[in-house]
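Following: one structure in structure tokens, then a few remarks.
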């Protein structure tokens, strides 16, 4: 049995709990923006000012444009689940408007709870809210708070004097507070000697992913700032969203006044899933560490029925840089391609050429190096998106350099964007070709695929505008290296874009001869049962290719909101709120339709960069990490990582072999081994409901439909050589009668058989 070591560094500090204690860090803003961040814009775009508020405190002010809510994030604080707290602050705005106070559940910016609304005027005024934690059981004991506008009207917001104070009846803060600093995996126990040091960006993946039943050694190290004592260390393992105890143990631990360490061993659960190792000192909960039981799948192009990929990396990196941990973690999920797109693209024109003729390659070079090290292929999106808009709108990933704006022609864009104050630019072709040539020359032999722009059909009303940019990029890329492959069109159904109209127009103009791959973003056609079928849209793409004599593969290069919203499709606001099984549904649509690659989701949605503990992440997303100070992020696997890795494992070295409708509105996609008798079917219900995700839906813009009461499907007794697995790769157990029963659900289950004939017979009985 392979033994892995989970290293935990934490600090143990004693302090007294006082009723007047303010739990907000840097509440007086004497340390500037330390422990504060912004949810939808970088600080440099907001005109942030720190000014004197009183003799003992400063104030914070910033501007939020019409397109953003101006979210101000406070670093998380530790509270009691049974406590009562008073939250107070002083605020004013440039004109009267409402702001709201949000609490973020489970460390996710999407799972948010509106605590209160405040009518704020142009003069300083103090506001308060009493938070009773017993009313919000879904909230974590580590609580992040956010202030934001209710409306999207532009305004300047000012805050000061933040306070979060325990009230009468609140459970006292524990006498000992444990702060977990790092989590690492290692087979070398001597590593404990170096555990208090910062880890380099070259460490192996620290995402705490284990095999089933793996023996795990948990090493904890820290410092006791109080008097020496003997304490009791208790630990237990639970599923991430449950308090069920799967394993537990205890040990005495000597706490000298100063540094200490302790090691204990446990076995990982025997099922794939997300788990939490909790531990306490003398009965007071002291910390927790998330970990996962999951396969790790490294594959090459062509190993799966559809090649997988993701857009960007965790650092979302224009001014930041991916680390070895991030790239290794993503590679373990079964992906092949890293599409560096407009929202996090070190190849953005303004990033690589901030001044005309002056190039900056630092972050792009490191991205390419780390990807190659992990056998991933980087797919840069050349140019990004050519929008013009007021600076206060943020949207840094879409912004171009000032020098390019000055040289470009401003043209009309989609009506919806014009209403937001945006227009589009047409960069000079000579500058465009020079930039493309510079990228191609630098990465000759290192990058194979280049996508030409992102979603040009929503940038320019005149579709023909795109033609010369695609043509010239093709000629330049092929001129530098004939082996380069041009990914063209990047047409989208998002924001009302005419996805097939643009594609057809381009092909009729002859643009097909300038690309080796045709790409699309199927936001308006997600699944088989959405109003516009995903398979139908792909069929239309194929028809257009045939009619125009173009023979190139199709790539699906972007899709991040995959929630069907009961056949209505998703939207940006609620994008990440979907059961991970819907990601697999989309992979199945693409694989069954002959799409060669599904490069879906931002890489940052595959896990949490939340430290080694169960605290929530620091939500200061606008804090760029300069390349020179890159540190290894602590990554926790999530459900999307797990189902992706399981998909890769289940369908490794298989090809699509047809679909069939079954009883009760069920559909099965079948896959067979390329060189083996292996046969797998993905089975799901063509209906619409969302599984219980343990999330509050009250603040979602679109109404989500609760699960329908449908009778489960009884598969009977499984014949020898057939197994049934859930979307996380766990075998489904038989009931008391020996029958296997599966839910009639839109979330897939896998049926695996020793050979194709056996699978066909089994599925035939379900028709």
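The values are calculated or read from the model by the stated rules, or taken from the named source; none is laboratory data. As the structure is a computational prediction, the values presented were derived from the model and not from experiment. Counting neighbours? That spans all protein chains shown, and the Cβs are built from the backbone with ideal geometry, glycine included.
Could you identify the single residue in 313, 336, 306 that is within 14 Å of residue 376 (Cβ to Cβ) and modelled with pLDDT of 95 or more? It would help to see each step written out before you state the result.
On the way: 313 fails: modelled with pLDDT of 95 or more; 306 fails: within 14 Å of residue 376 (Cβ to Cβ).
Checking each option against the conditions leaves just 336.
Taking strands (runs of 3 or more DSSP E) that fall entirely within region 358-457, which contain at least 3 residues that are touching a strand residue (DSSP E or B) at 6+ places or on another chain (Cβ under 7 Å) and closer than 30 Å to residue 336 by Cβ?
Output list reads 377-382, 449-452.
One line per residue, one yes/no per condition, for (1) part of a strand (DSSP E or B); (2) modelled with pLDDT of 95 or more; (3) touching a helix residue (DSSP H, G or I) at 6+ places or on another chain (Cβ under 8 Å):
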| position | (1), (2), (3) |
| --- | --- |
| 720 | no, no, no |
| 729 | no, yes, yes |
| 733 | no, no, no |
| 739 | no, no, no |
| 744 | no, no, yes |
| 750 | yes, yes, yes |
| 758 | no, yes, no |
| 766 | no, no, yes |
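Could you check region 339-357 and list, in sequence order, the residues that are part of a helix (DSSP H, G or I) and more than 21 Å from residue 485 (Cβ to Cβ)?
Passing the criteria: 350, 351.
Can you say whether residue 463 is out of contact with any strand residue (DSSP E or B) (no Cβ under 8 Å at 6 or more places or on another chain) and assigned by TED's automatic domain parsing to the domain that holds residue 369, as far as the supplied structure shows?
Yes, satisfied.
Yes/no per residue for (1) in a loop (DSSP other than H, G, I, E, B); (2) modelled with pLDDT of 65 or more; (3) within 31 Å of the chain's Cα centre (by Cα):
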{"position": "196", "(1), (2), (3)": "yes, no, yes"}
{"position": "203", "(1), (2), (3)": "yes, no, yes"}
{"position": "212", "(1), (2), (3)": "yes, yes, yes"}
{"position": "218", "(1), (2), (3)": "no, yes, yes"}
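Would region 458-473 turn up any residue that is under 30 Å from residue 372 (Cα atoms), part of a loop (DSSP other than H, G, I, E, B), touching a residue at least 12 places away in the same chain (Cβ under 8 Å) and out of contact with any helix residue (DSSP H, G or I) (no Cβ under 9 Å at 6 or more places or on another chain)? Please lay out each step first, then the result.
Of the residues in region 458-473, the ones under 30 Å from residue 372 (Cα atoms) are 469-473.
Among the residues that remain, those that are also part of a loop (DSSP other than H, G, I, E, B) are: none.
The answer is no, given that none of the residues of region 458-473 is under 30 Å from residue 372 (Cα atoms), part of a loop (DSSP other than H, G, I, E, B), touching a residue at least 12 places away in the same chain (Cβ under 8 Å) and out of contact with any helix residue (DSSP H, G or I) (no Cβ under 9 Å at 6 or more places or on another chain).
Look through 675, 655, 670 and report the one residue that is over 26 Å from residue 210 (Cα atoms), in a loop (DSSP other than H, G, I, E, B) and modelled with pLDDT of 55 or more.
675
Go through (1) at pLDDT 90 or above; (2) within 30 Å of residue 652 (Cα to Cα) and name the single condition residue 357 misses.
The number of the failed condition is (2).
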